[in-house]
1. Can you work out the PRE-style zone for residue 228? Point 7 Å along Cα to Cβ, and I want the residues of segment 18-58 with backbone N under 18 Å.
2. Quick one: P(r) of segment 24-129 from all Cα-Cα pairs, 5 Å bins, percents rounded to integers, in order of increasing distance.
3. Output needed: percent of Cα pairs per 10 Å distance bin for segment 106-229, bins running from 0 to the one holding the longest distance.
4. Provide the gained length on full extension for the span residue 133 to residue 84, in nm with one decimal, where the gain is 0.36 nm per separating residue minus the Cα-Cα distance.
5. What's the FRET efficiency of residue 169 with residue 115 using the Cβ-Cβ distance as r and R₀ = 41 Å, to the nearest 0.05?
6. Among 155-167, 116-128, 33-45, 219-231, what's the highest-first ranking by average C-beta atoms within 10 angstrom per residue?
7. So how many Å³ per residue does the convex hull of the Cα atoms of the chain work out to?
8. Using a cut-off of under 14 Å, list every residue of segment 102-121 whose amide N is near the label point 7 Å from the Cα of residue 204 along the Cα-to-beta-carbon line.
Amino acid sequence: MILSQRNQDLSTFSSNLLPRHVAIIMDGNGRWARRRGKLRIVGHQAGFNAVRRAVHFAVNYRFDALTLYAFSSENWKRPDKEIDSLMQLFSHALNNEIDVLHKNNIKLRIIGDINRFSGELQKNIHRSEKLTSNNSGLTLNIAANYGGRWDIIQGVKQLATQVQQGILTPNQIDEDALCKCICMHELAPVDLVIRTGGEHRISNFLLWQIAYAELFFTDVLWPDFNDVIFKRAVNTFMKRERRFGNSASI
Ligand code: FPP
């Protein structure tokens with residue numbers, strides 16, 4: 001199925017006010033499952049359906065990029081069984097959804113330290129990224145074994161190597177230089193961060209990238225996240241006055 005490239009609701013929005021890059025902390029899969037007396041993995045599976053809906057929405061609203069926090073560096077602390085099930089779900093998602101993403105001109109990127117994943121999963125990730133690398137529609141970033149602090153550290157390591165090689169002097173290290181080493185620097189800045197599941201924190205998701213992002217929190221558990229709530233988040237974003245450090249306009 002090709003996702004429709006235009007949503008009728010789009011015409012009611014002034015497109016220059018729409019967010020270009022939305023990032024989501026998908027929280028609440030476990031609680032969603034527990035409330036139904038099911039295993040946590042059932043919540044993750046239902047969460048995957050919500051991922052598909054969110055991607056569909058992002059295409060319809062013509063976002064440049066959608067970034068989803070699928071597995072944090074801290075998630076390795078979960079029981080082995082849950083981790084195994086999540087890895088199976090990622091593999092399954094890559095195998096079964098990549099053609100649909102490709103047909104819809106979506107560019108898939110995985111951000112995070114993928115070295116800790118199995119060889120098979122890493123191969124699958126590289127294959128999927130390569131297949132979709134020339135697509136020009138939505139960029140879909142999946143944060144997997146990702147941490148905002150890890151991201152900054154890997155960027156600092158790149159700069160240290162450049163200094164060691166004499167490409168850069170320590171005095172030349174500034175915001176621009178570090179920014180170029182941080183994940184997703186080539187994409188539109190993150191405009192809006194949504195967190196589901198009722199917690200009001202960032203949990204080591206994008207740290208550098210969200211310096212000026214608007215934040216939207218909802219109690220809705222991730223598997224229940226749908227177009228109505230996504231639209232509410234976008235509407236809230238569009239009503240906010242973004243000042244980027246300037247004074248208020250009143
Ligand atoms: C947080 O809910 C969710 C996760 C740690 C995993 C997110 C995974 C998916 C949505 C499914 C797969 C996604 C892709 C892109 C293949 P939680 O388990 O912390 O829930 P809780 O706070 O209720 O315990």
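The numbers here are math on the coordinates, done by the rules we state, and not lab data. For clarity, every value in this text was computed on a predicted model and none was experimentally measured. Backbone-built Cβ (ideal geometry, glycine too); neighbour counts: all protein chains shown.
1. The answer is 50-51, 53-54, 57.
2. Percent of Cα pairs in each bin: 2, 10, 20, 25, 21, 13, 7, 1.
3. Going from the shortest bin to the longest, the percentages are 11, 32, 37, 17, 3, 0.
4. Working: separation 49, 0.36 × 49 = 17.64 nm, distance 2.80 nm.
Computed gain between residue 133 and residue 84 is 14.8 nm.
5. Details: r = 30 Å, r/R0 = 0.74.
Approximately 0.85, to the nearest 0.05.
6. Working: 155-167: 12.7, 116-128: 14.5, 33-45: 16.2, 219-231: 18.3.
Most protected by this proxy first, the peptides run 219-231, 33-45, 116-128, 155-167.
7. Values: hull volume 37.6 nm³, N = 250.
Measuring per residue, one finds 150 Å³ for the Cα hull of the chain.
8. Only 112-113 fall inside the zone, counting backbone N under 14 Å.
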